[in-house]
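The next block holds one structure in the form of structure tokens; read it before the comments.
The values are calculated or read from the model by the stated rules, or taken from the named source; none is laboratory data. Here the structure is a predicted model, which means the values were calculated and not measured. Neighbour counts are summed over all protein chains in view; Cβ atoms, including those assigned to glycine, are modelled from backbone coordinates with ideal geometry.
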Amino acid sequence: MTTSSITTPDLPDAPSAPPRPDGPLATAHEQLATAVEHLGYDEGLHRMLATPRREIHVAVPLRRDSGETVLFHGFRVQHNVSRGPGKGGLRYHPSVDIDEVRALAMWMTWKCGVVDLPYGGAKGGVTIDPREYSLSELERVTRRYTSEIMPMIGPDTDIMAPDMGTDSQTMAWVMDTYSVNRGYTIPAVVTGKPLAVGGSLGRGTATSAGIVHVTAAALEKVGEKLDGVSVAVQGFGKVGSHAAAIFAARGARVVAVSDQYGGIKADTGIDVDRLFAHVAATGSVVGFDGADPISNAELLALDVDVLVPAAVEGVLDEVTASQVRARYVVEGANGPTTTAGDRILAKNGVTVVPDVLANAGGVVVSYFEWVQANQTYWWTEQEIAEKLEHRMTTAYHEVAAMARKHGVSLRDAALIIGVKRTAEAHEIRGLYP
Ligand SMILES: NC(=O)c1ccc[n+]([C@@H]2O[C@H](COP(=O)([O-])OP(=O)(O)OC[C@H]3O[C@@H](n4cnc5c(N)ncnc54)[C@H](O)[C@@H]3O)[C@@H](O)[C@H]2O)c1
């Protein structure tokens with residue numbers, strides 16, 4: 001018999017603790033307050049929009065391959081479900097806490113509103129560094145987390161997708177655990193699944209393709225094309241790596257990329273295909289022989305046309321934002337710019353295409369996957385690519401028109417659209433009882 005010892009990681013803040021200043025929830029609240037002010041909503045509606053409908057905090061024990069038992073904290077937050085079921089990713093990262101999950105769930109609500117999907121916003125997370133655990137350990141964590149939050153999720157209530165630290169395999173485990181417990185296969189409980197179990201063509205690259213579509217739309221406004229434009233991408237994960245590849249395929253020059261270990265730079269352009277092979281072999285962009293080393297801080301300050309932060313929150317704050325020399329910041333990550341950083345970028349004339357618009361391609365194709373799974377009828381890659389481009393370009397033009405109408409930034413305009421659509425659904429449905 002194995003003797004197990006219990007290791008308890010630091011507990012996250014209690015739900016009642018005020019959000020960390022400049023943390024993601026504080027940023028999300030400030031953005032909402034700006035939109036509410038433009039829309040002239042009263043305090044009651046503002047509070048309703050600021051407050052998650054449902055939250056769950058679960059303990060996730062894991063028996064490690066060594067026999068030792070460790071305990072993680074898991075969360076799922078449904079921020080708003082007025083427009084439809086909750087929709088949002090599952091994040092595995094050591095910095096996950098309840099406030100981060102709340103902020104990410106709120107951003108999902110506005111994002112689904114901006115691209116006009118029949119969803120509310122949700123998000124989940126487990127405070128774990130997935131790189132430190134084996135595949136079978138991660139499978140057990142995922143299955144236990146899914147079992148613990150089971151009453152809250154479902155194809156009509158709350159639909160998960162991959163986020164940082166999780167992938168299509170994670171979604172297959174969630175789908176299997178949920179289905180086994182219900183007694184039959186329910187593919188529509190998650191999106192971002194492998195194709196073999198009901199995934200959608202184009203989902204793996206959808207967020208990245210959407211980033212490139214909105215960048216192209218923004219450049220088109222000033223009579224420019226992607227061809228020859230210089231791009232730097234922070235984060236070479238699911239979003240950043242494919243964004244770099246698609247930018248390069250569409251004629252842009254990807255001059256720098258990074259990950260959590262460091263970055264690389266080549267003024268003549270990085271060979272992204274070869275970089276994929278290097279990352280597959282070494283686990284990082286660092287050490288790629290076709291480029292020079294560069295730090296993450298240096299990457300953010302490069303003199304490029306387009307900067308795509310596609311890693312973590314809060315990287316463009318009052319210090320780093322003042323060093324940005326890019327003309328456009330296209331937010332691949334959720335919440336990469338703090339409120340103070342946003343003000344500085346605006347003052348310096350940098351156009352920010354906000355996360356709730358720029359990275360919405362993932363949830364758009366997740367919606368397509370959910371529709372296909374509900375109908376058990378799958379579309380072609382071309383149909384998906386065309387529908388995605390249409391949604392993203394339409395949303396960009398709606399946001400740009402709103403920005404012109406109110407004389408505000410693209411971020412404020414996107415928030416106004418997302419918040420207004422959510423509030424309208426809430427008001428039309430009425431308050432129960
Ligand atoms: N996956 C999606 O479809 C999707 C959709 C919308 C938004 N997002 C957002 O995009 C961001 C990235 O998500 P992902 O799915 O690509 O995650 P991922 O885990 O696949 O990749 C994250 C990348 O960021 C790097 N990174 C982590 N910490 C870093 C740091 N401190 N500095 C620099 N690089 C760092 C990692 O090394 C990795 O290359 C997140 O904010 C996520 O919420 C993802």
For this session: Please give the number of the condition Arg253 fails out of (1) within 22 Å of Ala297 (Cα to Cα); (2) within 15 Å of the ligand (Cβ to nearest atom); (3) touching a Phe, Trp or Tyr at 6+ places or on another chain (Cβ under 9 Å); (4) not aromatic (Phe, Trp, Tyr).
Result: (2)
Exercise. So which pairs qualify, if the first residue must be in segment 292-305 and farther than 18 Å from Asp271 by Cβ, the second must be polar (S, T, N, Q) and surrounded by fewer than 18 Cβ atoms within 10 Å (Cβ to Cβ), the Cβ gap must be under 9 Å, and the two must be at least 6 apart or on different chains?
Worked result: Asn296/Gln260; Ala297/Gln323; Leu300/Gln323; Ala301/Gln323
For this session: Just give me the residues in segment 85-108 being within 12 Å of the chain's Cα centre (by Cα) and among the β-branched types (Val, Ile, Thr), in sequence order.
Result: Val101
For this session: Please enumerate the residues belonging to segment 259-284 that are within 15 Å of the ligand (Cβ to nearest atom) and closer than 13 Å to Val304 by Cβ.
Result: Gly263, Lys265, Ile270
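Please state which one of Trp379, Trp370 is surrounded by fewer than 24 Cβ atoms within 10 Å (Cβ to Cβ), touching a residue at least 60 places away in the same chain (Cβ under 8 Å) and farther than 28 Å from Val222 by Cα. Outline the logic, then answer.
Details: Trp370 fails: surrounded by fewer than 24 Cβ atoms within 10 Å (Cβ to Cβ).
It is Trp379.
Let's see how each residue does on (1) under 28 Å from Arg411 (Cβ atoms); (2) in contact with a helix residue (DSSP H, G or I) (Cβ under 7 Å, 6 or more places away or on another chain); (3) among the hydroxyl-bearing types (Ser, Thr, Tyr):
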position	(1), (2), (3)
Val272	no, yes, no
Val312	yes, no, no
Arg325	yes, no, no
Asp342	yes, yes, no
Glu369	yes, no, no
Asn374	no, yes, no
Problem set entry | Tally of residues being small (Gly, Ala, Ser) and crowded, with 16+ Cβ neighbours inside 10 Å across segment 31-46 | 1
Seminar exercise, completed: With the first residue restricted to segment 223-245 and required to be assigned by TED's automatic domain parsing to the domain that holds Gly210 and more than 6 Å from the ligand (Cβ to nearest atom), and the second required to be part of a helix (DSSP H, G or I) and basic (Lys, Arg), Cβ contacts under 7 Å at 6 or more apart or on different chains are none
Exercise. Would you say Asp167 is touching a Leu at 6+ places or on another chain (Cβ under 7 Å), within 16 Å of the ligand (Cβ to nearest atom), of a type in the set (D, E, K, R) and touching a residue at least 12 places away in the same chain (Cβ under 8 Å)?
Worked result: no
For this session: Could you please find all residues in segment 285-298 being away from the ligand (no atom under 15 Å from the Cβ) and surrounded by fewer than 18 Cβ atoms within 10 Å (Cβ to Cβ)?
Result: Asp289, Gly290, Asp292
